[in-house]
1. Quick check on region 143-160: of everything there that is in contact with a Phe, Trp or Tyr (Cβ under 9 Å, 6 or more places away or on another chain) and under 22 Å from ILE213 (Cβ atoms), which residue is most open to solvent (accessible area, probe 1.4 Å)?
2. Anything in region 465-499 that is in contact with a Lys or Arg (Cβ under 6 Å, 6 or more places away or on another chain), within 17 Å of TYR186 (Cα to Cα) and either in a helix (DSSP H, G or I) or among the charged types (D, E, K, R) (or both)? List them, or say none.
3. Read through the list (1) closer than 22 Å to ALA222 by Cα; (2) open to solvent by 50 Å² or more (accessible area, probe 1.4 Å); (3) in contact with a helix residue (DSSP H, G or I) (Cβ under 7 Å, 6 or more places away or on another chain), then give the number of the only condition that LYS120 fails.
4. Considering region 512-532 alone, what residues qualify as being part of a loop (DSSP other than H, G, I, E, B) and surrounded by fewer than 16 Cβ atoms within 10 Å (Cβ to Cβ)?
5. Quick one: how many residues across region 166-193 are more than 27 Å from the chain's Cα centre (by Cα) and outside any loop (DSSP other than H, G, I, E, B)?
6. Only one of GLU97, GLU53, GLU71 is at pLDDT 90 or above and among the charged types (D, E, K, R); which?
7. Do you know which residues across region 233-261 are touching a helix residue (DSSP H, G or I) at 6+ places or on another chain (Cβ under 7 Å), over 18 Å from SER146 (Cα atoms) and open to solvent by less than 30 Å² (accessible area, probe 1.4 Å)?
8. Quick check on this structure: which one of ILE22, ILE82, ILE15, ILE9 is over 21 Å from the mean Cα position of the chain (by Cα), modelled with pLDDT of 80 or more and of a type outside the set (Phe, Trp, Tyr)?
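The values are calculated or read from the model by the stated rules, or taken from the named source; none is laboratory data. Remember, predicted model here, so these are calculated numbers, not experimental data. Every residue, glycine among them, receives a Cβ derived from its backbone with ideal geometry; neighbour counts consider all protein chains shown. Ligands, DNA and RNA are stripped out before the accessible areas are found, and what is left, the full protein with its side chains, is counted by its heavy atoms. Shrake-Rupley method; radii C 1.70, N 1.55, O 1.52, S 1.80 Å.
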Amino acid sequence: MTFATICGIVLLSVISGILFMISLVGMMASESASTKVKDNSVFVLKLQGVVSERTEDGSPLSMLLGRADMEAMGLDDIVASIRKAKDEEDIKGIYIEGGAASFDSPATAQQVRDALLDFKKSGKWIIAYADQYMQTSYWVASVADSLFLNKTGMIDFKGLGGKREYMTGLYEKLGVKYQATRVGKYKSAVESVTRKDMSDDDREQRTAYLQGIWQRMLKDMAESRKTTAQQLDQLANDSIIAFADTKDYIKAKLVDGVMYPEKIKEVIRKKLGLDDDDDDINQLSLTEMTNVKQKKKDKGDEVAVYYAYGEILDKQASGFSSEHAIVGSTVVDDMNELADDDDVKAVVIRVNSPGGSAVASEQIWHAIQNLKAKKPVVVSMGGMAASGGYMMSAGASYIFAEPTTITGSIGIFGLIPNFSGLVTDKLGVTFDGVKTNRFGDYEENLIFSNDNAEEIDNLQHYVDRGYETFLGIVAQGRKMTRDQVHEIAQGRVWLATDALGIKLVDKLGSLDDAVKKAAELAKLGEEYHTKTYPGETGWLENMFGNEDKGTYLDSEMRALLGDLYEPIIEARRDQQRNRLQARWPYSARVK
């Protein structure tokens, strides 16, 4: 029996190993295989999952278990696929399957929408259908020539807004007090743990940029749906549109018709000129479109496009979160390599970041200055380039931003919890000791003592110096005086359309516009090509690499916790952050 058990375990291990290797070979083959476009095809763009700045290969476990759908879709691949569909003669149109897509910012959704509008210039058609449209997905899908909804479907059309958790009351009950040092009355990152409600200054800035984004969305949707922005705005005010009858959606011109899923196939067949119901519709998914070879070959000099997105950290954060980050030391090394690469004639840095470590942000800025001394550097702002994200951008040769980019937030803060009320007053723990110098125990005093006014004062001076450094960086890069920057700084965030008027950005435009400007500054003429950096990490490297990145568990936790996921991960990150922060506190993710 023992021998039989051992033989069974060995046999099972061998078979499992063989199956695993077959799976690996299949995954490698599918990754490298190019897609051939059949005649009379349709590109199917499913708006589901999370749409982030750039596609990252999913965890191998997700792929092996058939859960790749849980991974994020990259804006880069979506836009590139739409352009390929425009250029491919055999692709006759795009079918948008709406859904509960979550975009990492309004600007991300806007860029997908703009790419679809450009696609329509080819004369090809776009049809959209969904069982339900979340608001941002509807904004994107509204470009369609014909927009349909399930007979029992819904449209979540409500305007922009949301609430923030204020934890001060909870911490008071626990005996914990957060000690905040900050510069800038709009630097609201500390308020969630120092106040019980929103400050007037924070309310002012949030209202301003949300209204700006909402008006842009209304204008776009009104133009596409042949109605007015005022009518759509009133519609969102009059009732909860998500609970409306589908007939009301047609009356309001939100959709062209309602039908069950099988009927949309008939609509697409007619567009393709297919009469026989038995004829298959040639479809291309996003994954298949990314593997379609581009007809245009790389020619001329190289313009590097470097993606810098996520929170700015001193080092890679540990834990199971899969959020991409800008790691200071890594980016500095990359900037130095681009500076020394003679094949690279200009660099475009794609920034999408709420900021983070002030120290890492300054180090990245310094590396960009060294790079700019050798070749032009143009920044293309994505959904957000706030606080430290703006600091690293400020010294570029030229700055582009999307109209709905959130930027600015020029300010610094420090935040340290004090547990004396919990540890000493409630639990009865006391502290005593010896020291050789006056501030030899300043860290313990900050965290466990109520008698720490001098330590707090020193920390405030540290934050003040950080703010002055920030002002100097912006003043130098934007050719302004220190006082001019201070007047528009103080931690305030700006919508890019407003930031343009106060010289924080040079022009509103896309990543393509930034590339063209970089080529112009480098005097490359009409013939040049782009190459993206850093190189994408393949799934094989994810499997055997040593970096502590997100895992399959992260996807499962996100699906399980839903909206509670972000606050839990945020609390985990707080323990690993640098004390001096140049960071915007809110998530820009929209549904």
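1. Ranking the qualifying residues of region 143-160, first place goes to LEU160.
2. Of all residues in region 465-499, those in contact with a Lys or Arg (Cβ under 6 Å, 6 or more places away or on another chain) come to 471, 475, 478, 490-491.
Filter once more, so that each one left must be within 17 Å of TYR186 (Cα to Cα): 471, 490-491.
Residue satisfying the conditions is LEU471 alone.
3. Only one criterion in (1) closer than 22 Å to ALA222 by Cα; (2) open to solvent by 50 Å² or more (accessible area, probe 1.4 Å); (3) in contact with a helix residue (DSSP H, G or I) (Cβ under 7 Å, 6 or more places away or on another chain) is unmet by LYS120, namely (3).
4. Filtering region 512-532 for residues part of a loop (DSSP other than H, G, I, E, B) gives 522-527.
Within region 512-532, LYS523, GLY525, GLU526, GLU527 qualify.
5. We begin by selecting, within region 166-193, every residue more than 27 Å from the chain's Cα centre (by Cα); these are 168-181.
Of the ones still in play, those that are also outside any loop (DSSP other than H, G, I, E, B) are 168-174, 177-181.
Matching residues across region 166-193 total 12.
6. Values: GLU53 fails: at pLDDT 90 or above; GLU71 fails: at pLDDT 90 or above.
The match here is GLU97.
7. Listed by number, the list holds a single entry, ILE241.
8. Working: ILE22 fails: modelled with pLDDT of 80 or more; ILE82 fails: over 21 Å from the mean Cα position of the chain (by Cα); ILE15 fails: modelled with pLDDT of 80 or more.
Result: ILE9 is the single residue among ILE22, ILE82, ILE15, ILE9 that is over 21 Å from the mean Cα position of the chain (by Cα), modelled with pLDDT of 80 or more and of a type outside the set (Phe, Trp, Tyr).
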